[in-house]
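Peer 1: Can you read through this structure? Questions will come right after.
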4 protein chains.
Amino acid sequence: MMERLFVIGNEAIGWGALMADCDAFFGYPITPQNEVAEWFSREFPRRGKVFFQATSETSAINLVYGAAAYGVRVMTSTSGPGWSLMQETMSHLANAELPAVVVLVQRGGPGMGTTRHSQMDYFTATRCGGHGGYKNIVLCPSSVQETHDLMQLAFYLADKYRNPVVVLTDALIGMTLETLELEKIDFGPLPEKDWTAKGRARNKDGQIHIVNSSQGLFPWPYPNYLAFLTHLDEKYKAMTDAELRYESYQVEDAELILVAYGYPSGVCREACDMARSQGLRVGLVRPITAWPFPYQVLREKARQGVKFLVVEDSLGLMVEDVQSCVMKQSEVHLLNMLARHSPGETGLLFPERVFEEIRRLL
Amino acid sequence: MMERLFVIGNEAIGWGALMADCDAFFGYPITPQNEVAEWFSREFPRRGKVFFQATSETSAINLVYGAAAYGVRVMTSTSGPGWSLMQETMSHLANAELPAVVVLVQRGGPGMGTTRHSQMDYFTATRCGGHGGYKNIVLCPSSVQETHDLMQLAFYLADKYRNPVVVLTDALIGMTLETLELEKIDFGPLPEKDWTAKGRARNKDGQIHIVNSSQGLFPWPYPNYLAFLTHLDEKYKAMTDAELRYESYQVEDAELILVAYGYPSGVCREACDMARSQGLRVGLVRPITAWPFPYQVLREKARQGVKFLVVEDSLGLMVEDVQSCVMKQSEVHLLNMLARHSPGETGLLFPERVFEEIRRLL
Amino acid sequence: MMERLFVIGNEAIGWGALMADCDAFFGYPITPQNEVAEWFSREFPRRGKVFFQATSETSAINLVYGAAAYGVRVMTSTSGPGWSLMQETMSHLANAELPAVVVLVQRGGPGMGTTRHSQMDYFTATRCGGHGGYKNIVLCPSSVQETHDLMQLAFYLADKYRNPVVVLTDALIGMTLETLELEKIDFGPLPEKDWTAKGRARNKDGQIHIVNSSQGLFPWPYPNYLAFLTHLDEKYKAMTDAELRYESYQVEDAELILVAYGYPSGVCREACDMARSQGLRVGLVRPITAWPFPYQVLREKARQGVKFLVVEDSLGLMVEDVQSCVMKQSEVHLLNMLARHSPGETGLLFPERVFEEIRRLL
Amino acid sequence: MMERLFVIGNEAIGWGALMADCDAFFGYPITPQNEVAEWFSREFPRRGKVFFQATSETSAINLVYGAAAYGVRVMTSTSGPGWSLMQETMSHLANAELPAVVVLVQRGGPGMGTTRHSQMDYFTATRCGGHGGYKNIVLCPSSVQETHDLMQLAFYLADKYRNPVVVLTDALIGMTLETLELEKIDFGPLPEKDWTAKGRARNKDGQIHIVNSSQGLFPWPYPNYLAFLTHLDEKYKAMTDAELRYESYQVEDAELILVAYGYPSGVCREACDMARSQGLRVGLVRPITAWPFPYQVLREKARQGVKFLVVEDSLGLMVEDVQSCVMKQSEVHLLNMLARHSPGETGLLFPERVFEEIRRLL
């Protein structure tokens, strides 16, 4: 099965979910992710799959919880304010160890902010905005094709770890029109879903209850709270060890390494090419997983005295992760949504501006 | 005015708020912070102040928003799951630049977790769980007296920066019974609240609207979104520069520095004394502000080759901030809620266990 | 198409809806109507139709509104407390002239009441509990077969009048197991649904809006509010004139006429037969439509001096409608849920008790 | 205490409540009752009483429930759509036997309707829109002064019967400016509130619970459900017998009796005077309680062959109650919001139009 489409990133979310055998989508309208829900409303019912517009984002994520508890491959999609409303249930999903995919198409904040491009939800995605110190893998596509690919990976990882997975994208990739090669990616076998709610049974008091090992109600299958947390701790460490993904571009001999994810990573690749064409030794490290974060590769480079330029459409969030890799061993610079733009501009990052900054630094 | 009381930490929250001239409390019941709301329900109405139990945490924080918009000194209090429900409005408070104090008495998570002691909300407090990359100062008391003191500082800083301030405490400090010296602390003059909603006016279309400069609706007083974000950026930098607070204890000659906040910091101080009594050179750095974090002092010590032991009642969250200060220049160890406790234990951290770890490391 | 099933009344609701080409069911669990929702959850998805369990009864009826606006044949089902929560939207459905079927399986009230048999929602169904003085036809089945038949009539009348129709039943009929002959009833042609929301258009200000003539937003298609109300008034009068349905049983020569709907009507028929077998001239009038109510036939009989005995599983609600037919021209007696039952009894009405009352009256 | 004010009817609601020692008001904005809430927001806090704007009408009536359970004299106020949202809790108030006053300032319906004068909520008020067949007294003021007086009666009757009382008024009386003589009316002694929630106790399982005899949780103080309903039945009959109130005006020799409540009753009184001045024998019966309804007086007159003209700002609701008094013994005519008004008119009823109808009928 291979088909070529010409679609925007927000539609690639749907196509990727379809390739991943997603069976249900619950969501609530919010710009700039409305094309996602629109895709599902159009494509899912005709395939006998479920699309449902919930009464709020809180309702949507709880519907995701319910479907996931019964073993349905399920997802939702939202933007900043909706994401905030989902935090309690994100924590419950982590506690109940339920696989689900949540797409976060970033917009400007805080509060109402703007509905335009931005990357201001990096921390609430990577550090988890809900209570209780849980973790979720965060995947960051940088193109329409990669959106489609990472959606499939997201569903795979959710099932593999019985944990929610966040796909962190932005309005620019969401609205970019590119060629997409539709293809089902095979990541290998998944464990049996022997834990799902299956039906009803009577407990010792004779009351009917749902048989659901996913509820995390002790003592099943862990003898107590600390035993359960020990299990979570091991799972999170396994994620950290096994699921780090990033892309390096011309970093071998680089004196300056750009660090960017999402749409600015494409901007940086272009700036990198401009720099190389003028003989400047510039490379790019692009985190594909924002959590776990590629600390190690950046630390290595920092020890070699390589400088860093973080390009980020926010006031500077991921830059803190880069700084924590580098400390005083080298320099970390930031080109953010504000840097040297004249008032009235939109804050959009573009290659010429990054290149200008490269020249200033080298 | 000076009075001596014998109260628990959760009550000291109320007494501190009273000293800070707080006028209104909105909240919703959740363990282990119920004594906070109970205090306000008992002490506020009799003083002509407002106590209101809202229909949910979402409702409570929105009532806080409304009162703050009219210039009322206002607060709420909650624990993990309630905190998750407040994230959208935390972001709106930051956007509208409204001063408010939010007390977070941590409990175990994720999901339902436990209602006992824990420090699992470090990231959602310091990295801000809501959307849009805003910042709020996070104050961490380690005793009943300090709870009372930091509550007053919290209200002062909220007004100073027109920003929400989080008081991050835990069930153990909340339930500890200690002597409290009630005293109004004078932090100096505050700016006029010339920005509050004051009444009604007609806009150019003749419609009546609330005059409220706090709504962050452009173009007032900023010409556009980026100009407003530039202002926020400057404010957040000013907070970072001016509001860092921490306590050092016997760090001068220390080979090993314990890092802890909240109740484990008291545990560590005792372990520190045990170690000193046996000639072991151990110190303690206790962040009073978890954001901004005392990176600088830890970096200095790391450069000198000092080792670190983070003691934290979670799987390990603040430890990441310490690691980012230290990198490969020294060692960072973690004693968390799991480390070497036998199954069935509660995960409570205590001095002997910390001392045992100190001996292992030195 | 003709099939014979052995089912309970609550399942007959589903089978009737299926015969009526209902395409979507939205509901929320409440005893004693849970078998209704269970039926739809089992039978609808496998037929490619929609079953959705909403987050509340308020949500369910609003989903009904949304689906109806797009021309979907849609229904919900609930019991007393859920019915109360639906009142605002019942009024909106009437205003927007949207066809929908709402099944009300009565339970005991007020407040929590009991989940058992009762007929205590007669007034909120026939007088319409929501605001604004609208009307809806109320159909009252008295057997499993009639449940199935009236469900089809309900959908037909909803479409015919573009108005919600209520099917008012009770826990006893709902749980009675009887033979059901499944059969599609043909009530004749229905008007075109030329009024449904069809898609999007731009209004004169260039804004995209949903094209939906059902929204009742003036001036379409009525020049003003009073013109619209004139239309409603005519519609309600047409319903009153054309849709009255009732059953007479041995009333020709009766000295005493029993009046009952729902499960007590079966009880009364038996009591009637007992009486006839002893030579007592007793008949039964059973309203099939509780609104419009068969005033005329009762008035005729009252004028002839016939006595009435209303048998009703409530404190006495429909009895007021009977009294208003009869006034001082004859006698109206009431056998209600309380009458001469010893404390501790369930209040269930049964034939021997009715017969005893008949003998007392004749 | 006697003071003279010049206020509108909506303000007289507040002044009456104040005279009745009402201590708390919970509400949510809706036209045309906003002046009510505005009055309480201005006058209650300055007197140390509670005004709280809830997050919805549902929330408001539940706050009323909570306050009433603790013995607070409490009320809310709303219009049609808000009233619909309160129906579930109205039923719960009746079940828990909690005294509370609910003011319903009628507006046009159904659905959004209009915010203008109307009397379209007669049935949902008098027949009770919530589930479970409960009853509540409905008081109908016809002037500013009577609004103030009936508010006091409402609080008295609520306490006397431990039952919600509805004050059914309309936008026209609400906005009419008249002289008000502020005076505390003494209706006599009230029973002890020995049933209120008082604090906490431990049940036999050692759990703390609220001591509240008002919850209607069996078996306290009734042995079972039917015993409780028997009590309710007796209470409702006592209300019917003791609380009927109406005003007769020139009915002694009348050939035609106008029947009207609320603002149309003032219109009718004027029309009546016009008729009398021309020698036409016309009178007026004005129900002060819409439930219980003055059936008896109308029946007497009907038997004497007197004709009736119901004047009602709706499609015709109360007219059904009048018809049920009269049947075929006399004539009942209706002048409603539609009758012979040209399109575009507002449907407002006025004396000349009523007089014209009188002349047509006599």
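Peer 1: For q values of 0.10 Å⁻¹, compute log₁₀ I(q)/I(0) with the Debye formula on a Cα-only model of chain B, without solvent.
Peer 2: -0.63
Peer 1: Please report the antiparallel percentage of DSSP beta bridges with both residues in the protein assembly as shown, rounded to the nearest 5.
Peer 2: Working: 67 of 195 bridges.
About 35 percent, rounded to the nearest 5.
Peer 1: Whole-Hz Karplus ³J(HN,Hα) for the stretch B:8-21, in order, using 6.51 cos²θ - 1.76 cosθ + 1.60 and θ = phi - 60°, x for Gly and Pro?
Peer 2: 8, x, 5, 6, 4, 4, x, 4, x, 4, 5, 4, 8, 6
Peer 1: Also: Estimate for me the total accessible surface buried between chains C and D (protein heavy atoms, probe 1.4 Å, no ligands or nucleic acids), in Å² to the nearest 100.
Peer 2: Values: alone 15750 and 15730 Å², together 26490 Å².
The summed interface area works out to 5000 Å².
Peer 1: Rounded to the nearest 0.05, what FRET efficiency is calculated for C:Q304 and C:R359 with R0 set to 25 Å and r the Cβ-Cβ distance?
Peer 2: On the way: r = 22 Å, r/R0 = 0.86.
Calculated value: 0.70.
Peer 1: Sequence-distant or interchain residues sharing an amide H contact under 5 Å with C:Q106, placed H: which?
Peer 2: Close amide H contacts, sequence-distant or interchain: C:T169, C:D170, C:A171.
Peer 1: What list of ³J(HN,Hα) values in whole Hz, one per residue of the stretch C:298-305 in order, does the Karplus curve 6.51 cos²θ - 1.76 cosθ + 1.60 (θ = phi - 60°) give from phi, with Gly and Pro shown as x?
Peer 2: Result, ordered by residue: 5, 4, 4, 5, 4, 4, 7, x Hz.
Peer 1: Apply 1/(1 + (r/R0)^6) to the Cβ-Cβ distance of A:T115 and B:L177, taking R0 = 56 Å, and write down the FRET efficiency to the nearest 0.05. Don't jump to the answer; show the numbers that get you there.
Peer 2: On the way: r = 51 Å, r/R0 = 0.91.
Calculated value: 0.65.
Peer 1: Show the residues, 5+ positions off or on another chain, whose built amide H is closer than 5 Å to the amide H of A:L309.
Peer 2: Correct list: A:I257, A:L258, A:V259, A:H333.
Peer 1: Computed over the Cα atoms, what is the radius of gyration of the stretch C:1-92 divided by 2.2 N^0.38 Å, N being its residue count?
Peer 2: 1.05
Peer 1: Which whole-Hz couplings ³J(HN,Hα) result when phi for each residue of the stretch D:65-72 is put into the Karplus expression 6.51 cos²θ - 1.76 cosθ + 1.60, θ = phi - 60°, listed in order with x for Gly and Pro?
Peer 2: Each residue's phi maps through the Karplus curve to give 4, x, 5, 4, 4, 9, x, 6 Hz.
Peer 1: Then there is this: Just the number, please: percent antiparallel of the DSSP beta bridges in chain C, rounded to the nearest 5.
Peer 2: Details: 17 of 49 bridges.
The antiparallel fraction comes to roughly 35 percent.
Peer 1: Residues of chain A: accessible area per residue at 1.4 Å, in Å²? Spell out each step's value before the answer.
Peer 2: Numbers: 13030 Å² over 362 residues.
Computed with neighbouring chains in place, this is 36 Å² per residue.
Peer 1: What share of the DSSP beta bridges in the stretch C:50-178 is antiparallel, in percent to the nearest 5?
Peer 2: Working: 1 of 15 bridges.
In the stretch C:50-178, DSSP labels about 5 percent of beta bridges as antiparallel.
Peer 1: Could you rank B:R127, B:R276 by how accessible they are, 1.4 Å probe, largest area first? Could the numbers behind the result be given before it?
Peer 2: On the way: B:R127 25, B:R276 65 Å².
Descending order: B:R276, B:R127.
Peer 1: Over its Cα atoms, what ratio of radius of gyration to 2.2 N^0.38 Å does the stretch B:38-137 give?
Peer 2: Against the compact-globule rule of thumb, the ratio is 1.10.
Peer 1: Can you work out the PRE-style zone for B:E255? Point 7 Å along Cα to Cβ, and I want the residues of the stretch B:304-318 with backbone N under 16 Å.
Peer 2: The answer is B:304-309, whose backbone nitrogens lie closer than 16 Å to the label point.
Peer 1: A follow-up question, please. Expressed as a whole number of Å, what is the distance separating the alpha-carbon centroids of the stretch B:98-140 and the stretch D:248-290?
Peer 2: When both Cα centres are located, 68 Å separates them.
Peer 1: For C:G129, list long-range residues whose amide hydrogen, built 1.01 Å from N in the peptide plane, is under 5 Å from its own amide hydrogen.
Peer 2: The list, which skips near neighbours in sequence, is empty: none.
Peer 1: So, taking all protein chains as they sit and a 1.4 Å probe, how much accessible area belongs to C:C128, in Å² rounded to tens?
Peer 2: Here the residue's solvent-accessible area equals roughly 10 Å².
Peer 1: Compute the distance in nm between two label points, each set 7 Å from the Cα along the Cα-to-Cβ direction, one at C:E247 and one at B:K198.
Peer 2: It is 7.4 nm.
Peer 1: For chain D, which span is the longest to avoid every loop-located (per DSSP) member of GluC sites (Glu not before Pro) having at most 13 other Cβ atoms inside 10 Å? Don't jump to the answer; show the numbers that get you there.
Peer 2: Numbers: sites that count: D:E192, D:E252, D:E345.
Of all site-free stretches, the longest is D:1-191.
Peer 1: Something else now. Give the Debye-formula value of log10 I(q)/I(0) at each listed q (0.18, 0.20, 0.28 Å⁻¹), with one equal scatterer per alpha carbon of the stretch D:129-171, two decimals each.
Peer 2: -0.54, -0.63, -0.97
Peer 1: Once the label point is placed 7 Å from Cα along Cβ, list for A:G66 the distances to the corresponding points in the other copies, in nm, shortest first.
Peer 2: Those label-point separations list as 1.3, 2.7, 3.0 nm.
Peer 1: Based on the alpha-carbon gyration tensor of the stretch C:103-193 and its eigenvalue square roots a ≥ b ≥ c, which shape applies: rounded if a/c is under 1.5, prolate if not and a/b is larger than b/c, or oblate?
Peer 2: Numbers: a/c = 3.62, a/b = 1.18, b/c = 3.08.
Verdict is oblate for the stretch C:103-193.
Peer 1: Shortest first and in nm to one decimal, what separations exist between D:Q53 and its copies in the other chains, measuring from label points 7 Å along the Cα-to-beta-carbon line?
Peer 2: 2.4, 3.0, 3.8
Peer 1: Would you kindly work out, in nm and rounded to one decimal, the distances from the label point of B:R360 to those of the same position in each other copy, ordered shortest first, with label points 7 Å along Cα-to-Cβ?
Peer 2: Those separations, rounded to one decimal, come out as 4.9, 8.3, 9.7 nm.
Peer 1: What is the extension gain from D:D21 to D:A339, computed as 0.36 nm multiplied by their sequence separation minus the C-alpha to C-alpha distance, in nm to one decimal? Let's see the in-between values first.
Peer 2: Details: separation 318, 0.36 × 318 = 114.48 nm, distance 4.28 nm.
In short, 110.2 nm is gained.
Peer 1: Just from its helices, what would the mean residue ellipticity at 222 nm be for the protein assembly as shown, if runs of 4 or more DSSP H residues each count -39500 (n - 2.57) and the sum is divided by every residue, rounded to the nearest 500 deg cm²/dmol? Can you show the working numbers first?
Peer 2: Working: 52 runs with 560 residues, N = 1448.
Mean residue ellipticity, 222 nm, calculated: -11500 deg cm²/dmol.
Peer 1: Run the 1.4 Å probe and let me know the accessible area of C:Y246, rounded to the nearest 10 Å².
Peer 2: 90
Peer 1: Taking R0 as 60 Å, what's the FRET efficiency between B:E331 and A:T55 from their Cβ-Cβ distance, rounded to 0.05? Don't skip to the end; give the middle numbers.
Peer 2: Values: r = 52 Å, r/R0 = 0.86.
With a Förster radius of 60 Å, E is 0.70.
Peer 1: Per residue, what volume in Å³ does the Cα convex hull of the protein assembly as shown take up?
Peer 2: On the way: hull volume 294.2 nm³, N = 1448.
In the protein assembly as shown, the Cα hull volume divided by residue count equals 203 Å³.
The values are calculated or read from the model by the stated rules, or taken from the named source; none is laboratory data. Since the structure is predicted, the reported quantities are computational estimates derived from the model, not experimental observations. As a convention, Cβ positions derive from the backbone with ideal geometry for all residues, glycine included, and neighbour counts pool all protein chains shown. Ligands, DNA and RNA are stripped out before the accessible areas are found, and what is left, the full protein with its side chains, is counted by its heavy atoms. Shrake-Rupley method; radii C 1.70, N 1.55, O 1.52, S 1.80 Å.
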